[in-house]
Structure formats: C-alpha cells, structure tokens
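Visitor: Handing you a structure now.
Where a number appears in this text, it was derived from the coordinates with a stated rule and is not lab data. None of the values given here were measured: they were computed from a predicted structure. Heads up, the Cβs are rebuilt from the backbone with ideal geometry, glycines too, and the neighbour counts pull from every protein chain shown.
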Amino acid sequence: MAEHPAYPVGLRLTGRRVVVLGGGQVAQRRLPALVAAGADVLLVSPEATPSVEAMADAGEITWERRGYADGDLADAWYALIATSDPDANERASAEAERHRVWCVRSDDADRATAWTPATGRSEGVTVAVLTTDAKGRDPRHTAAVRDAVVEGLRDGTLVAPHHRTRTPGVALVGGGPGDPDLITVRGRRLLAEADVVIADRLGPRDLLAELPPHVEVIDAAKIPYGRFMAQEAINNALIEHARQGKSVVRLKGGDPYVFGRGMEELQALAEAGIPCTVVPGISSSISVPGAAGIPVTHRGVAHEFTVVSGHVAPDDERSLVDWPSLAKLTGTLVVLMGVDKIGRIAETLVAHGKSPDTPVALVQEGTTAAQRRVDATLATVAETVVAQEVRPPAVIVIGEVVGVGPHGAV
C-alpha cells in the first residue's frame, strides 16, 4: 500500500458511529470536526483533557471512562486511534481491519488505513490536502499548503468567484480604520468577487488597486449635490447596478453602522427589493486609539467608554448629544468627526464640570503610514489643533486613559 498515493474522499458521517480511542491532545484537535460533521461519537478513554471532558458534559459526544476493549469498533464507520498504549493501538487497529472500518492512527500513520488531511474551510468550501508520496509524508508541508489556499480564498488573493450560486445584490462592507490588513476576511473576499465597488474616501483605498481590471470603481466622495443629495445618489447607484445583475460592494470606512449611514442604504435597498448583506467592520473608535497606544478602558482607570459624533457643535440645535451628561462621566470619551469642533466641545465639557486638565489625544490618519498622535488637555486642545495643524480624519480620545501606555504613565 505504501507505494501508492491515498485516494481522497469525503466521508458523510451524519448519524453514523465514530469511535475515538484516547482523550488527549489529538482527540481534542479532531473531535470538533467530527461533531460538526454530525457523527455519533463514542470516546473510549480512562481520562480526557478539560476541553474534551467539556464536550462530553455538553452532550456532544458519549464518553466511556475506560480503556479499549475488543469489540469497541464492531459497529463503527470510522475510527481514530490516539491512545498512549502501543499494545491497545495495535489491537484496535487489527480489529478495525477485521471489521473493515477505516482507521486513523496517530502513532503510526503507515499502519493506518486512512489519513486525516490538513483541512480548512471558507464559505462552504472544504480544502483538504494530502501528501501524494506515501514514503515522504510531510504534515507541516501539507498544513502550509492548506493554509495558503484557505488564506487566499478568505482574503481574496486567490480569486475563485461563484458561478452557479452567485446572485446579484449589494454587500455593505465595513473596511476598517484604514490599514488594508484590518478589513475582515469576509469583506476582502466579497471585494475580490465584486463587479462594482462604490468606495468611501475613508475606506481602505489600497485594496482598490488589487481589484481585477473589469471591476468598476465609483468614488462615492465625488458624487455631487451636497450631503443629502450625495447619499440619495449613492443609494440610487447601488440600486441601479444591482438591478443590472451585478455584484455590488459598498466599501465603507470603519463599521457601516457606526456613523456610516449604513442603515439608510440598507433601507433604500430593502424598499427597492434588492438583497443586501452587511459585513461588520473594525470601528476606528476602538482601533485607532489602540494603534496609538491608548486603551479605551483600563483596570482602575476607566470602566466605560462612550463614542459620540462631533460633526455638529454642542450649541447647534441639530445636536442630539447630551454633552452635560457626558461631562459627568468618569470613563473615556471618544469623539469622531470632531476636529473642527473640538474647541467648542472642550469648552462645553469644562463648563459642565469636566476638569480643564483632563488629557486629550488626537490620532490623525490612524492605522495608516501617515498616523500621528498629538496630545493636549481640554484647556489647550483648541490651540493645539491649530498649532499642530491637525486635520481630519482624526479620532479624539478624552480621559485618563490617554496617560496609560508607552506615551504616558498610569
């Protein structure tokens, strides 16, 4: 048998008996996939790791707390032998051979009748990699091949577009704070499969250069007619392209629902009968402070953080923010879109009881190569923004956490 490669096959184990001998690390790694496959798993082992024991306690597997006994494999469809007893492994392997049960051995792959491939999954596809040369089996190499294929499918660098199951529609994708590596793997895959991409100015722009030549890229920042009409034009563009049978990605900065007007777009698509998928993104309200060495919460310093929009000044009648209440909070305040209003925001917070010495950090172009951090206090932040020429986009962090980490002391 060693002179021929293994024959790859997918086992359908739903409701079928699978016997696992041994409750150690090998079983801990293999059991979740067997449970996910719907197998009726019997574990035979005197002991088990805490994770394996938890699976038994949860009813995912049946555990008989004893050693292997002849006859354990009689009704099995598949067996995994992973005990530390060489004699028990040999006897169980011989029983599997007698009963024609496909058997994997963790201690001696050459004496097994089946091998476990290096597997990974991405959007309904299972990737399984086996070494074709039985004499030169290299588990690390097969795992590396598996990882490369799955990673490529997930992040879109290995493009394998759907054909039979692909349906037109729109995906609202949160692109994260700016660094292209911080988009989710699902978001990157959908971007790689898109026919049309309507992109925000604050989205991860570097990813657009990786799109195939046939993809139409529309810069949402250049759609005219002012803020309200621009959003209406974006909605219309999403609907128009989706109705043409195209796969459309609305690439947004941060998360679609954190000051991203994602719900407005979703509502417009729903009214037009266009299917829509929402892919959450990493919000700049947390990731940008973190990239600058600022935790929005820290034990003994801040047990809460509040995120507010600063695009409307506190004294503007359109403001929906309760600034007097925010001034009384002891936690962290994160302000987005507030660079040009930070002077009036600071004045309002101080007027309602916040200490003028409260630390403030402004993180401009967070997570990108152009990132910079400027520190101030509520008393000095207005003049600091002007003196240091801080420009949007910038995330503003207000609170004692600004002094935590490499840039300050607790």
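Visitor: Starting from 0 in steps of 10 Å, tell me what percent of the Cα-Cα pairs of segment 231-354 lands in each bin.
Guide: Distribution as computed: 11, 32, 28, 19, 8, 1 percent.
Visitor: Could you calculate the contour length gain from Lys328 to Glu240, that is, 0.36 nm times the residue separation minus the distance between their Cα atoms, to one decimal place in nm? Can you show the working numbers first?
Guide: Values: separation 88, 0.36 × 88 = 31.68 nm, distance 4.76 nm.
Net length gain for the segment: 26.9 nm.
Visitor: At each listed q (0.18, 0.29 Å⁻¹), what is the log10 of I(q)/I(0) that the Debye formula gives for segment 1-62 modelled as equal alpha-carbon point scatterers?
Guide: -0.64, -1.24
Visitor: Now a separate question. To one decimal place, what orientation-averaged projected area in nm² is obtained for the convex hull of the Cα set of segment 363-402? Write down the numbers at each step before the final one.
Guide: Numbers: hull surface 11.4 nm².
Taking the Cα atoms of segment 363-402, their convex hull projects to 2.8 nm² on average.
Visitor: Here's a follow-up. Students often check this: by mean Cβ neighbours within 10 Å, which of 5-13, 308-316 ranks highest, and how do the rest follow? Before the final figure, lay out each step's value.
Guide: Values: 5-13: 11.8, 308-316: 16.8.
Those peptides, ordered most packed to least, come out 308-316, 5-13.
Visitor: Of the listed peptides 351-357, 254-260, what is their order by residue-averaged count of other C-beta atoms within 10 Å, with the highest listed first?
Guide: Details: 351-357: 13.0, 254-260: 22.0.
By packing density, highest mean first, the sequence is 254-260, 351-357.
Visitor: Quick one: if you take sqrt(5λ) for each eigenvalue of the C-alpha gyration tensor of the chain, what semi-axes come out, biggest first, whole angstrom?
Guide: Details: eigenvalues 579, 165, 68 Å².
Semi-axes from the Cα gyration tensor: 54, 29, 18 Å.
Visitor: Efficiency by 1/(1 + (r/R0)^6): what FRET value for Ala36 and Glu210, r their Cβ-Cβ distance, R0 = 35 Å, to the nearest 0.05?
Guide: On the way: r = 32 Å, r/R0 = 0.92.
The value I calculate is 0.60.
Visitor: Translational diffusion coefficient of segment 169-279 at 25 °C, 0.890 mPa s, Stokes-Einstein with Kirkwood Rh over Cα pairs, in µm²/s as a whole number.
Guide: Details: Rh = 13.6 Å.
The diffusion coefficient I find is 181 µm²/s.
Visitor: Which whole-number percent is the relative contact order of the chain (Cα, under 8 Å, 6+ apart)? Mind showing how you got there, number by number?
Guide: Numbers: 787 pairs, mean separation 42.9, N = 410.
Averaging sequence separation for qualifying contacts and normalising by length gives 10 percent for the chain.
Visitor: Once you have the Kirkwood Rh of segment 74-135 from its Cα pairs, apply Stokes-Einstein at 25 °C and 0.890 mPa s and quote D in µm²/s.
Guide: Details: Rh = 12.9 Å.
Approximately 190 µm²/s, per Stokes-Einstein.
Visitor: Please identify which residues in segment 99-114 have an amide N closer than 19 Å to a label point set 7 Å out from the Cα of Asp87, following the Cα→Cβ vector.
Guide: 107-108
Visitor: Continuing with this model, one more query. How big is the equivalent ellipsoid of segment 1-116 along its three axes, where each semi-axis is √(5λ) from the Cα gyration tensor, reported in whole Å from largest to smallest?
Guide: Details: eigenvalues 90, 53, 34 Å².
Each semi-axis is the square root of five times an eigenvalue, giving 21, 16, 13 Å.
Visitor: Here's another thing I want to ask about it. About its Cα centre, how strong a charge dipole does the chain have in debye, to the nearest 20, once Lys and Arg get +1 and Asp and Glu get -1 at the Cβ? Working shown, then result.
Guide: Working: 41 positive and 52 negative charges, 123 e Å.
Here the chain has a charge dipole of around 600 debye.
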